[in-house]
Amino acid sequence: MTTVPKRATILDVAKAAGVSKATVSRVLAGDYPVAKPTAQRVREAVEELGYTASSRARSLATGRSDAFAVIISEPLDVFFADPTFARIVQGITDALSDTRVVPILLPTATPQEQGKAYRLITNQTVDAVIHLSPWSDQGLLDSLASEHVPTVVCGQDEGLEKDSPFSFVYSDDRLGAVQAAERVQAAGRTNPVAILGKQDQPAATDRLKGYQEVFDCLSDERIRWGDWSERAGADAMRSILDAGLDLDAVLAGSDRIARGAIEVLRRAGRNVPAHVSVIGYDDHPTAMDRSPALTTIAQPMHAQGEAACRLAQDMVEGAPARTIILPTELKDRETV
């Protein structure tokens, strides 16, 4: 039976070079003063033995783990069903592709998961934290606020942003909603309804604020709350039609909500956009996966992931926390 060769250790290198393990670590780290002849002996021993420093050894030598925790506070079935998160994660992985840093996905939807994540983070297993959904956080951010761990929050939360040591990156939901409402207004629509996600999430309430800046007619009876799904959009649209409200436009808080509303309108004999304009939000894949192509507000999710990495890297290097606000973009298609 073939025996797997034993991997060389830092102790083997130290013995071969006639130095201490600490000296080997200093040479490998490259940022400590070591006499040139000593450093040369260490490098020759490393090459001869085929030694590769373990991540733990590098961490001890450099004070860095070369890992970022990516916090997922949504249940995993929700997270993986939402392409929005996938685009942010893709931005994170693309930004880190040419670095030593690896992203580690940490689910925190349950108290048990939060406890594990907190121990991992505070044990210096990661250099920084990128939190993807602060609106569903259940206390982890509060715990991290006093731990001096570089933390970046993807999403807008005015209360948290004001009093925390974290960096933030997001697109302004209120301004994006103003863009959406102004596009509908430019089409000559005067009687919109608004269908939004969860009322306790800043993304939903901020979008409503933007809609109402343009349409002050959006009273409570013309607003429906639910979640961000197509089913929720359909349920809300049925409720609006059953209430007999006069409408010529739907301001949908997400593209999935918009798709659900369009299907109910179609079944009720209301043509989009001839009878009713519909505008979505997010530029989710569903905006283009069927006819009519959805007019919507695009959020730069991939860019958000990239910006989160830049902020995290800056904070690891000692930069202060700061906020990056990314622009939204109107995607003018066929439903307005």
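The values are calculated or read from the model by the stated rules, or taken from the named source; none is laboratory data. Please read all numbers here as calculations on a predicted model, not as lab measurements. Positions of Cβ are backbone-derived with ideal geometry, glycine not excepted, and every protein chain shown enters the neighbour counts.
Scanning region 149-182 for residues that are in contact with a strand residue (DSSP E or B) (Cβ under 6 Å, 6 or more places away or on another chain) and modelled with pLDDT under 85, we see that the one that is surrounded by the most Cβ atoms within 10 Å (Cβ to Cβ) is GLN156.
If the condition is being free of Cβ contacts under 8 Å to residues at least 40 places away in the same chain and closer than 18 Å to ARG238 by Cβ, then region 262-279 contributes GLU263, VAL264, LEU265, ARG266, ARG267, ALA268, GLY269, ARG270, ASN271, HIS275, VAL276.
Could you list, in sequence order, all residues of region 262-274 that are over 13 Å from THR295 (Cα atoms) and not in a helix (DSSP H, G or I)?
Initial filter on region 262-274 (over 13 Å from THR295 (Cα atoms)): 263-271, 274.
Those that are over 13 Å from THR295 (Cα atoms) and not in a helix (DSSP H, G or I): ALA268, GLY269, ARG270, ASN271, ALA274.
Taken over region 111-148, the criterion of being in a loop (DSSP other than H, G, I, E, B), surrounded by 14 or more Cβ atoms within 10 Å (Cβ to Cβ) and free of Cβ contacts under 8 Å to residues at least 24 places away in the same chain is satisfied by ALA145 alone.
With respect to the conditions (1) modelled with pLDDT under 90; (2) of a type in the set (D, E, K, R); (3) assigned by TED's automatic domain parsing to the domain that holds VAL129; (4) out of contact with any helix residue (DSSP H, G or I) (no Cβ under 9 Å at 6 or more places or on another chain), LYS36 lacks only one, and its number is (3). Restricting region 214-261 to residues that are part of a loop (DSSP other than H, G, I, E, B) and without any contact (Cβ under 8 Å) to a residue 24 or more places away in the chain leaves a set whose member that is surrounded by the fewest Cβ atoms within 10 Å (Cβ to Cβ) is GLY244. Would you mind stating whether THR84 is among the hydroxyl-bearing types (Ser, Thr, Tyr), part of a helix (DSSP H, G or I) and either under 13 Å from the mean Cα position of the chain (by Cα) or at pLDDT below 90 (or both)? Answer is yes for this residue.
Restricting attention to region 180-200, the residues that are over 13 Å from VAL336 (Cα atoms) and not in a loop (DSSP other than H, G, I, E, B) add up to 4. Here ARG207 fulfils each of the conditions (1) surrounded by fewer than 21 Cβ atoms within 10 Å (Cβ to Cβ); (2) assigned to a helix (DSSP H, G or I) apart from (1).
Go through SER219, SER239, SER229 for me and flag whichever is among the polar types (S, T, N, Q) and at pLDDT below 95.
Details: SER219 fails: at pLDDT below 95; SER239 fails: at pLDDT below 95.
Sole residue among the options that is among the polar types (S, T, N, Q) and at pLDDT below 95: SER229.
Among the residues of region 307-322, write down those that are surrounded by 19 or more Cβ atoms within 10 Å (Cβ to Cβ) and either in the same structural domain as ALA181 (by TED's automatic domain parsing) or not hydrophobic (A, V, I, L, M, F, W, C) (or both). GLN313 - this is the single residue of region 307-322 that is surrounded by 19 or more Cβ atoms within 10 Å (Cβ to Cβ) and either in the same structural domain as ALA181 (by TED's automatic domain parsing) or not hydrophobic (A, V, I, L, M, F, W, C) (or both).
Among what's in region 191-204 and is at pLDDT below 95 and polar (S, T, N, Q), pick the residue that is surrounded by the most Cβ atoms within 10 Å (Cβ to Cβ). So, considering only residues that are at pLDDT below 95 and polar (S, T, N, Q), the one surrounded by the most Cβ atoms within 10 Å (Cβ to Cβ) is GLN201. Checked against the criterion of being within 29 Å of PRO285 (Cβ to Cβ) and of a type in the set (A, V, I, L, M, F, W, C), the candidates ALA145, ALA86 yield just one match: ALA86. For region 92-107, the count of residues that are closer than 22 Å to LEU160 by Cβ and in a helix (DSSP H, G or I) is at least one.
For region 318-336, the candidate set comprises residues that are in a strand (DSSP E or B) and among the hydrophobic types (A, V, I, L, M, F, W, C); within that set, the residue that is farthest from GLY176 (Cα to Cα) is ILE324.
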